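Below is one structure; the comments refer to it alone.
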Amino acid sequence: MHTFSHAPGFPPGCPDSGDVLRALTASGVPYELTLIVVTSALRDGVEEAGDHERGLDRVRASLARIGALCGPAWSPSYYGKDLVLVRPGRHDPAPLRLPSAAGGVRHGWAWDRVVLPSGPELGFDALLRVCYAVSMAARLRRDEPELPAPAPAALAAVPALLTVRRTASLLAGVLVRPYGARTAVAGEDPRMPGVPSADGWPGSAETAGAGGWLVMTDVHDIEWGTVRPDGSGSRLTAGNAQELLELASAWKAGGAPEKVLPAAYRIRQRRERELVDHLGALARGTQGLGTLHGTYGDGLCGVVTEPSVLRRAVVRANRASAGRLASGAGAAALGAGGIEAARPRAAFALHVTKALKGTGQPPDGVQVFGDSLLPAAADAALGFLERLRAAGPRAPGAHHLDHARRHRENWLEHLPASWRRRAAEVLAPTGRQARSPGRPGP
């Protein structure tokens, strides 16, 4: 009997999608499959939980319940924030009944059929490409549930429904399994060779003691890249969606999905390989002096012995992926309260690096909870938050200001005294008038 890898971060009994899909195509015999993808509104879950890891846990627990309801005939498997259901043969799925007590998680689903070509590798590649298209339709229906459930019919609505920018975001927002020459070994994330599995977290931290430092990392602006905040419009890093704008324009102009999606898939697969390389470099950079696990889709969590270990790892990984990807990292000391007490502090420290991305403040992209910001960094961070407030709640990146308001007391504690009044204004939960964005003084 085949033993499948566990999907990291999911509840017990949730197999990894890559393993399950590869097993279904192992015989190399061409046959028809029916495939369903259920996706999730992760940001909603994170905002409701007030914490990324807790929000992700809630999403994955909800998907596990849905998979259990569908039963073994559909071979449920899991990755990221998605559930994949595959069944040999030609089926017409009844409307999927999502559990009403799903912990408040918002899901969307879509389906399609595929006749696999002959040969295990060709069949596996074909199935992954169909999974990409169906995942995209599921994401679209998550936000537009009145669209039809068959993926081709849902995707046909894209040109009339979405702007070019939103189409690029749709093309970029679906996870692609970045298979390459290397496969993951035991203890690594099956989707990210070289990155320790989330299943080892937080168990590996229990022996760290009070001398360790909790770490959270995140790739900044992975979808649209990081624009220099100097007004020049130039980019420090390219984004997934930015690369797909030309294809999105072609789709919007009437290009057929069967011509757009293969090219988009190739771009997404290359970008996911770059992400795996980047996260692997971060994880390797702490080996022997800590362990970072792949608990997020584009970030890591773990424990290191000293913040200097983290700084070196971040600098090296960012240098290796310069122009394509850049991570920030937050760290908080592990004390008597352990991980639970340190988690919100590390999350705040990571949040600070997002406010400072692209500014060169701090130059190493690492913030340690308890370290006060220097005046230049304080001015850059508050300028970023003021511009978000001026742009309004529907502008891209508005959630960063929501996070900042949630961490209001921490911001006030970490800013120089002469900047605190300005911070209190921009972080006020009411609509009070703030000072003009980008002001040069405190």
Would you say Leu373 is among the aliphatic types (A, V, I, L, M), under 28 Å from Glu306 (Cβ atoms) and part of a loop (DSSP other than H, G, I, E, B)? yes
Six or more apart or on different chains, Cβ atoms under 6 Å: show the pairs whose first residue is in the range 194-209 and farther than 12 Å from Thr295 by Cβ and open to solvent by less than 40 Å² (accessible area, probe 1.4 Å) and whose second is at pLDDT 90 or above and in a helix (DSSP H, G or I). Gly194/Gly280
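Quick one: is Ala313 among the hydrophobic types (A, V, I, L, M, F, W, C) and either farther than 21 Å from Trp224 by Cβ or open to solvent by less than 10 Å² (accessible area, probe 1.4 Å) (or both)? Give the derivation first.
Working: among the hydrophobic types (A, V, I, L, M, F, W, C): yes; either farther than 21 Å from Trp224 by Cβ or open to solvent by less than 10 Å² (accessible area, probe 1.4 Å) (or both): yes.
Spelling it out, Ala313 is indeed among the hydrophobic types (A, V, I, L, M, F, W, C) and either farther than 21 Å from Trp224 by Cβ or open to solvent by less than 10 Å² (accessible area, probe 1.4 Å) (or both).
For Ala184, indicate whether it is at pLDDT 90 or above, of a type in the set (A, V, I, L, M, F, W, C) and over 22 Å from Arg311 (Cα atoms).
Numbers: at pLDDT 90 or above: no; of a type in the set (A, V, I, L, M, F, W, C): yes; over 22 Å from Arg311 (Cα atoms): yes.
For Ala184, the condition - at pLDDT 90 or above, of a type in the set (A, V, I, L, M, F, W, C) and over 22 Å from Arg311 (Cα atoms) - is not met.
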Taking the range 18-27 and keeping residues assigned to a loop (DSSP other than H, G, I, E, B) and open to solvent by 30 Å² or more (accessible area, probe 1.4 Å) leaves Ala26, Ser27
Name the single residue that is nearest to the chain's Cα centre (by Cα) among those in the range 251-266 being buried (at least 17 other Cβ atoms within 10 Å of the Cβ) and of a type in the set (A, V, I, L, M). Ala264
Restricting to the range 1-17, count the residues that are buried (at least 19 other Cβ atoms within 10 Å of the Cβ) and touching a strand residue (DSSP E or B) at 6+ places or on another chain (Cβ under 7 Å). 9
What is the number of the single condition among (1) in contact (Cβ under 8 Å) with a residue 40 or more places away in the chain; (2) on the phi > 0 side of the Ramachandran plot that Gly225 does not meet? (1)
Any idea which of Ala126, Ala94 is at pLDDT below 95 and in contact with a Pro (Cβ under 8 Å, 6 or more places away or on another chain)? Ala126
Test for Ala320: is it open to solvent by 10 Å² or more (accessible area, probe 1.4 Å), under 22 Å from Pro178 (Cβ atoms) and touching a Lys or Arg at 6+ places or on another chain (Cβ under 7 Å): no
Within the range 381-415, how many residues turn out to be at pLDDT 90 or above and not in a helix (DSSP H, G or I)? 2
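Look at Ser308 and say whether it is free of Cβ contacts under 8 Å to residues at least 24 places away in the same chain and either touching a strand residue (DSSP E or B) at 6+ places or on another chain (Cβ under 9 Å) or of a type in the set (S, T, N, Q) (or both). Talk me through it step by step, then tell me what you get.
Details: free of Cβ contacts under 8 Å to residues at least 24 places away in the same chain: yes; either touching a strand residue (DSSP E or B) at 6+ places or on another chain (Cβ under 9 Å) or of a type in the set (S, T, N, Q) (or both): yes.
Judged against the criteria, Ser308 is a match.
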What's the number of the only condition in (1) outside any helix (DSSP H, G or I); (2) farther than 26 Å from Met192 by Cα that Ala322 fails to meet? (2)
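Can you say whether Ser308 is closer than 22 Å to Asn410 by Cβ and either open to solvent by 20 Å² or more (accessible area, probe 1.4 Å) or in contact with a helix residue (DSSP H, G or I) (Cβ under 9 Å, 6 or more places away or on another chain) (or both), as far as the supplied structure shows? Outline the logic, then answer.
Working: closer than 22 Å to Asn410 by Cβ: no; either open to solvent by 20 Å² or more (accessible area, probe 1.4 Å) or in contact with a helix residue (DSSP H, G or I) (Cβ under 9 Å, 6 or more places away or on another chain) (or both): yes.
Spelling it out, it is not the case that Ser308 is closer than 22 Å to Asn410 by Cβ and either open to solvent by 20 Å² or more (accessible area, probe 1.4 Å) or in contact with a helix residue (DSSP H, G or I) (Cβ under 9 Å, 6 or more places away or on another chain) (or both).
Of everything in the range 329-379, what is among the polar types (S, T, N, Q) and open to solvent by 10 Å² or more (accessible area, probe 1.4 Å)? Give them in sequence order.
Residues of the range 329-379 among the polar types (S, T, N, Q): 353, 359, 361, 367, 372.
Scanning the range 329-379 gives Thr359, Gln361, Gln367, Ser372.
Condition check ((1) part of a loop (DSSP other than H, G, I, E, B); (2) on the phi < 0 side of the Ramachandran plot; (3) buried (at least 22 other Cβ atoms within 10 Å of the Cβ)) across all residues:
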residue: Asp230; (1), (2), (3): yes, yes, no
residue: Gly233; (1), (2), (3): yes, no, no
residue: Leu279; (1), (2), (3): no, yes, yes
residue: Ala283; (1), (2), (3): no, yes, yes
residue: Thr291; (1), (2), (3): no, yes, no
Tally up the residues in the range 294-305 that are more than 14 Å from the chain's Cα centre (by Cα) and open to solvent by less than 10 Å² (accessible area, probe 1.4 Å), please. 2
Out of everything in the range 60-80 that is closer than 25 Å to Met216 by Cα and modelled with pLDDT of 90 or more, what residue ends up being nearest to the chain's Cα centre (by Cα)? Tyr79
State whether the residues of the range 380-402 include one that is open to solvent by 40 Å² or more (accessible area, probe 1.4 Å) and acidic (Asp, Glu). yes
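The values are calculated or read from the model by the stated rules, or taken from the named source; none is laboratory data. A quick note: this is a predicted structure, and the numbers were derived from the prediction, not measured. When we count neighbours, we look across all protein chains shown, and the Cβ atoms used for this are built from the backbone with ideal geometry, even at glycine. Just so you know, the surface numbers come from the protein's heavy atoms only, side chains and all, with ligands and any DNA or RNA stripped out. Shrake-Rupley method; radii C 1.70, N 1.55, O 1.52, S 1.80 Å.
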